[in-house]
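Structure first, commentary second.
The values are calculated or read from the model by the stated rules, or taken from the named source; none is laboratory data. All figures in this text were calculated on a predicted structure; none of them were measured in a lab. Cβ sites come from the backbone with ideal geometry, for glycine too, and all protein chains shown count toward neighbours.
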Amino acid sequence: MEGKFLSVVVPLYNEEGNVIELHKQINNACKKLGRSYEIVFIDDGSSDKTVEECKGLTPLRLIRFRKNFGQTAAFDAGIKASTGEVVVTMDGDLQNDPNDIGLLIKEMEEGGYDIVSGWRFKRKDTFSKKFFSRGANLLRKVLIQDKIHDSGCSLKAYKRECFKEVDLFGEMHRFIPALLELQGYSVGEVKVNHRARMHGVTKYNWRRAVKGFVDMISIWFWRKYSNRSLHLFGGTGIFLSLIGSLILLWMAIDKIVFQASISEKIWPLVGVLLIVVGIQLFVSGILSDILVKNYYKSMNRMNYSIKEITEA
């Protein structure tokens, strides 16, 4: 397929009433840029008239899932099917403003960034959604320690090379900048417009929040210990085994020196349990270290990313 400068990737799930206007706004915004572009919609198993409303829209590449696989899967499929040098992702509910696409690209080119994330500075969401979003952002800053304010904003721009070694699972689409930052890609941020939803209902619920939290823990692990998992599990295992050994030593001294009865005390069991758990963690650390090394070998890469090589 002929490569374009820009690919706009949008997942859709029951966005009847939004897609026609969304396509019109994206098309108009891209035309203003004066560069080649493509629009990629991914229907994530919609049960309404979303697909029917997509018929006749041009230019458009429509990808249809057999069932609802989730927003992250839709982003992954759309990004892999796109051809643009720059990939812009956004939601399909018209709350992201397509006119901000140019703003993202300008920031990327002037700032020299690999990724530019939108920041919904003045959100037009319900109080409950903003409350949970701010709590998630606070937790994300503690665990992941990225530099952006609004990871939940789907309006983002990426250079094509960012996705050479990235596959998306779970609810990881909101953490793509954090994942790429771990590999050394530069991340910028700009304030973008955010609009109230006009049609349909939000797809965000507590299940997605739980999945997002689990994915956040996964990214925290990769950020801290992807190259040294043995340090986490092995170090914790040694520490617990040492504590357990000290408890048993204390019980032995108490029994031999002070003739104390330990038959009714729980501490000997605690000491043995800590030693057993410590040994299991240490073995898990060795196994995870082997798995991580095999992962990098199977991907035909190492745990580093080279930006460029120059010769004089």
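Points to keep in mind about this one:
- Among the residues of region 73-83, those that are of a type outside the set (A, V, I, L, M) and either over 15 Å from ILE115 (Cβ atoms) or modelled with pLDDT of 95 or more (or both) comprise ASP76, GLY78, LYS80, SER82, THR83.
- Among the conditions (1) at pLDDT 95 or above; (2) of a type outside the set (Asp, Glu); (3) touching a strand residue (DSSP E or B) at 6+ places or on another chain (Cβ under 8 Å), GLY102 misses just one, which is (3).
- Failed item, numbered, when VAL87 is tested on (1) at pLDDT below 95; (2) closer than 23 Å to ARG195 by Cβ: (1)
- In region 1-49, the residue that is surrounded by the fewest Cβ atoms within 10 Å (Cβ to Cβ) out of those that are hydroxyl-bearing (Ser, Thr, Tyr) and farther than 16 Å from GLN71 by Cα is SER36.
- Filtered residue count, region 15-53, keeping only those that are assigned to a helix (DSSP H, G or I), touching a Lys or Arg at 6+ places or on another chain (Cβ under 9 Å) and not aliphatic (A, V, I, L, M): 0
- Qualifying residue in region 76-91 (condition: assigned by TED's automatic domain parsing to the domain that holds ALA196, in contact with a Leu (Cβ under 7 Å, 6 or more places away or on another chain) and assigned to a loop (DSSP other than H, G, I, E, B)): yes
- From the options ASP146, ASP114, residue that is acidic (Asp, Glu), surrounded by 18 or more Cβ atoms within 10 Å (Cβ to Cβ) and at pLDDT below 90: ASP146
- Scanning region 91-104 for residues that are under 12 Å from TYR158 (Cα atoms) and touching a helix residue (DSSP H, G or I) at 6+ places or on another chain (Cβ under 7 Å) yields one hit, ILE101.
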